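The structure appears below as structure tokens.
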Amino acid sequence: MADYVQRKNHFNIGLIARIMGILILLNGIFMFTCLPFSFYFGDGDWWALTEAGLITVLSGGLIVFYGERKGYKKEIKKKDGYIIVSLGWTVMAFFGSLPYLFSLENPSLTNAYFETISGYSTTGASILTDIESVGKGILFWRSLTQWIGGMGIIVLAVAVLPFLGIGGMQLFVAEAPGISPDKLQPRIKETAKRLWWVYAGLTAIETVLLMTGGMNFYDAINHALTTMATGGFSTYNDSAASMSPYIQYILIVFMILAGTNFTLNYFLFKRMFKAIWTNEEFRYYSGIILSSSIAIGIVVAYSSDLTIEKSFRDALFQVVSIITTTGYVSADYTAWAPFATMIIFILMFCGGMAGSTAGGVKIVRHIILFKNSFLELKRQLHPTAIIPVRFNKKAIKEGITFNVLAFIMAYLLIFGLGILVMSALGVDLMTSLGAVATSLGNIGPGIGTVGPVDNFAHLPDTAKWVLSFLMLLGRLELFTVMIIFTPYFWSRF
């Protein structure tokens, strides 16, 4: 290896290039896994997947080679981690858009990139107007992008990088959803591997259960991939609306599991039920789902001619789909009574649990925000008292509280700015509200002309690029991307 000299706070270019190359290589290998479906169904998209896969693998190999020639130090600093994560998702989305471009499913780069970043960010917003006419290989790639992005491409790399002699803690901290990742094992490699085993195991179980409900293997595996990723891409034009009650209930169960901290899912496999229920965030998560579903179910039952079971099922399905940011659709919630639609819109700002594949603000941040706000009233009466915010019966560090407050303020600020930009581009107010909320929260369907029975194809190209950036911001929880645009990030000191 070439001699490598690293000055203080300089970027480890060789290492960044090597990791980026590995990620692109993995992306290309995943593309080849779509070929069996193209051949089996006789679609003509096999050549597009092959060409895209070859270009991606070759590009990844060349970048790895460049990194080796450049030389590097086997240590990932924080700045390197942020660059790798932010740049990694952006570049992966570019290469991931090649199958769409080559198959002419999305002839423009804007549409292809939008569909791809929507997949990797597990948003589920789509520009496809007739999903069922798309080639099966390309459609499987569409679902696979969400599954890859669900637990995080970078977390996968963390499990692989130790074999290359590279530590991955900085990457895991930068990418893992939530305030701080739970460690199941002392070594980060073991944590990432166990999380992926839980993720893959639940995907396999859901596939089997969907098939027992009469769904064919192709549709079952596609929906299992996008359910566990809380992505919501479906192989049907009407999403889950025409599915049987059994299949809808299966999707509900696995959406809830996907929106749950994967550490708790690991405890579920180990039958550590007490550890699950004593988790404060899980209790709030469950309570919000139950109370919102009952409230909406009552409204739907009284304002329509649907049966009580159907009203409750539609309400539960949409509540779970929105709060977990999955985005499947079983009913047009914009056609419900305003009260029910407003609850759905509010849920777009909740998000699932920290450490899950769900997007959004996350329940734990709301808990800390409300607890701190309540305690602030008490501090007004006792200004000299030290009254910490407690979570799971433990006092949390003051820095975490400040981080939560800063995150929510930044989230609301970006939400407001996004609406202004979309409005300036000629998009109506309701659509701007829905598009920005659903993109930043990685949800999928919104309100207005991007509601559950519509898509994003009609939006101006500039608006699609803005929303693509918001999807990336939301998936990487704002600060990972925002910090790159600060002058002190690029400073040598």
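The values are calculated or read from the model by the stated rules, or taken from the named source; none is laboratory data. These numbers come from a predicted model, not from an experiment. Backbone-built Cβ (ideal geometry, glycine too); neighbour counts: all protein chains shown. What goes into the accessible areas is simple: the full protein's heavy atoms, side chains included, and nothing from ligands, DNA or RNA. Shrake-Rupley method; radii C 1.70, N 1.55, O 1.52, S 1.80 Å.
Sort out for me the Cα centre separation of segment 195-254 from segment 53-126, rounded to whole Å.
Value for the Cα centre distance between the two parts: 26 Å.
Scanning the chain for helices, which whole DSSP H stretches are 27 Å or more long along the axis (Cα) and average 1.0 or more by Kyte-Doolittle?
Span-like helices in the chain: 13-32, 398-424.
As a test of reading the structure, rank ARG142, ARG379 by solvent-accessible area (1.4 Å probe, protein chains only), most first.
Greatest to least solvent exposure: ARG379, ARG142.
Return the calculated 222 nm mean residue ellipticity for the chain, to the nearest 500 deg cm²/dmol, obtained by summing -39500 (n - 2.57) across DSSP H runs with n ≥ 4 and dividing by the residue count.
-20500 deg cm²/dmol
Ranked by accessible surface with a 1.4 Å probe, highest first, in what order do PHE489, PHE479 come?
PHE479, PHE489
If I model segment 207-327 as equal point scatterers sitting on the Cα atoms and use the Debye formula, what is log10 I(q)/I(0) at q = 0.11, 0.12 Å⁻¹?
One equal scatterer on each Cα of segment 207-327 leads to -0.40, -0.48.
Which value, in Å² rounded to 10, gives the accessible area of ASP461 with a 1.4 Å probe and all protein chains present?
80 Å²
Considering only protein heavy atoms, with the full assembly of protein chains and a 1.4 angstrom probe, order LEU128, LEU109, LEU377, LEU478 by accessible area, largest first.
Final ranking, largest accessible area leading: LEU377, LEU109, LEU128, LEU478.
Which Cα, out of MET422, VAL85, THR278, lies furthest along the positive dipole direction of the chain (beta carbon charges, K/R +1, D/E -1)?
THR278
Loop only by DSSP, 15 or fewer other Cβ within 10 Å of the Cβ. Give me the trypsin sites (Lys or Arg not before Pro) in segment 222-322 that pass, ordered by residue number.
Passing both the DSSP loop test and the Cβ count: LYS270, ARG271.
Can you give the log10 of the normalised intensity I(q)/I(0) at q = 0.06, 0.09, 0.12 Å⁻¹, computed with Debye over equal Cα scatterers of the chain?
-0.26, -0.60, -1.10
Taking the full set of protein chains and a 1.4 angstrom probe, give the accessible area of ILE63 in square angstrom, rounded to the nearest 10.
My reading of the accessible area for ILE63 is about 50 Å².
Report in % the part of the accessible area of the chain that belongs to carbon and sulfur, leaving out ligands and nucleic acids; probe 1.4 Å.
C and S atoms contribute 68 percent here.
With a 1.4 Å probe and all protein chains left in place, how much accessible area per residue does the chain have, in Å²?
42 Å²
Whose amide H sits under 5 Å from the amide H of PHE391, counting only residues 5 or more places off or on another chain, with H placed in the peptide plane?
ILE396
Taking the square root of 5 times each eigenvalue of the Cα gyration tensor, what semi-axes in Å does the equivalent ellipsoid of segment 45-129 have, largest first?
The answer is 28, 18, 7 Å, longest axis first.
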